[in-house]
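Please treat every number below as a calculation from the coordinates, not as lab data. Nothing here was measured: the structure is a model prediction, and the numbers come from that model. Here Cβ is always computed from backbone atoms with ideal geometry, including for glycine, and neighbour counts include all displayed protein chains.
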Ligand code: IDP
Ligand code: MG
């Protein structure tokens, strides 16, 4: 099964939406394999958002990710990367479809509630960036047969 990274951004912490967002992923059937609060730093954000380094708003994005600690989550499931990206919705909250997280909770490109890994390869790199090996838990869940047909997992 795939594992993917979700970051609940400072805007989510500030607005008191943490539980609501985590609830959505749990309700969908994704398994929480890791979760912690951490204060991001300039160094980790330069690495994490390196694809945006040349954009004029790079400093603003980094600053917005350091306003409060964030909550990083490792979510697991079949096709977890694709599912979580679909649940997040497109980057701009004003364009995101109602029913998606950004579509339901954000009116901003920047303050868009969650980060979600965009591919399996990215997820692997990003999980290593934010979690130590012993902070990700591989434990059995009892309702696997209620979530999947037995030839799916
Ligand atoms: P994603 O989060 O949907 O994968 P990316 O392009 O990887 O989008 O950008 C990372 C984050 O940088 C976005 O979630 C958003 O917070 C911020 N960002 C991206 N593009 C813009 C922009 O044009 N203006 C302001 N912030 C942006
Ligand atoms: Mg991205």
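Peptides 101-108, 12-19, 122-129 ranked from most to least packed give 101-108, 122-129, 12-19, packing being the mean of other C-beta atoms within 10 angstrom over each peptide's residues. Applying 1/(1 + (r/R0)^6) with r as the Cβ-Cβ distance of residue 95 and residue 66 and R0 = 22 angstrom yields a FRET efficiency of 0.30.
Working note: 222 nm ellipticity from helices only, DSSP H runs with n ≥ 4, each -39,500 (n - 2.57), summed and divided by the residues of the chain, gives -10000 deg cm²/dmol to the nearest 500.
The per residue volume of the convex hull around the alpha-carbon atoms of the range 1-81 is 99 Å³. Taking 7 Å steps out from each Cα toward its Cβ at residue 59 and residue 14 produces label points 1.8 nm apart. For residue 108 and residue 26, a Förster radius of 25 Å and the Cβ-Cβ distance give a FRET efficiency of 0.50, rounded to the nearest 0.05. Packing, taken as the mean count of other beta carbons within 10 Å per residue, orders the peptides 55-63, 28-36 from highest to lowest as 28-36, 55-63. Please determine, in degrees from 0 to 90 and to the nearest 10, the orientation of helix 120-130 with respect to the longest principal axis defined by the Cα atoms of the chain, where the helix direction is its Cα long axis. Rounded to the nearest ten degrees, it is 70.
Ranked by the mean number of other Cβ atoms within 10 Å of their residues, highest first, the peptides 75-81, 91-97 fall in the order 75-81, 91-97. The share of Cα pairs per 10 Å bin across the range 2-153, counted from zero up to the longest distance, runs 11, 41, 37, 10, 2 percent. For the chain, the longest principal axis of the alpha carbon atoms and the long axis of helix 18-28 meet at an angle near 40°.
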